[in-house]
1. Put a dot 7 Å past each Cα toward the Cβ at residue 93 and residue 109; how far apart are the dots in nm?
2. Using a simple spin-label model with points 7 Å from Cα along the Cα→Cβ vector, what separation in nm is obtained for residue 36 and residue 70?
3. Contour minus end-to-end for residue 62 and residue 121, with contour as 0.36 nm per residue of separation and end-to-end as the Cα-Cα distance?
4. Rank these for me by crowding, 108, 81, going from fewest to most other beta carbons within 10 Å.
5. For residue 10 and residue 45, what does the FRET efficiency come to when R0 = 22 Å and r is the distance between their Cβ atoms, rounded to the nearest 0.05?
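No lab work stands behind these numbers, since they all come straight from the coordinates. Everything numeric in this text was worked out from a predicted model, so none of it was measured. Every residue, glycine among them, receives a Cβ derived from its backbone with ideal geometry; neighbour counts consider all protein chains shown.
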């Protein structure tokens, strides 16, 4: 399985809404109703580490979303994974608790699909652009035009262009 978004939410309706929204936008999704099933799947041969995990804050049972994030972040394989807490609570303490657990962002239920996509695109980029960049890189490597280096992100390219403009101005104005 290539890069995907992992969703952990006890609500079947919420999981399906997120799956449909993200699949339509080009993001594969693997969802779980609870921590037990997710941790069990991580022990299987087909498991792989997602770049983004959306976690519901409240679960019936032993582990809540905060505990899930803490346990996953403790695993070295999840060091680069971004966690986003999804919750019906919108208080400052809820957000702070999520941040302390290791969540990078916070979505309050109910949310609009545009909000969900904006958060996912912030951390993963636009799926169609990512796929297009990968195809371009693959073509250039096959044709021998590639440098052998992985393509830099759009953000890094933007920073590089700004730096080059700054250097040009510096030379021009002394």
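1. 2.0 nm
2. Result for the modelled spin labels: 2.1 nm.
3. Length gained, residue 62 through residue 121: 18.1 nm.
4. By the 10 Å Cβ count, ascending, the order reads 108, 81.
5. Calculated value: 0.25.
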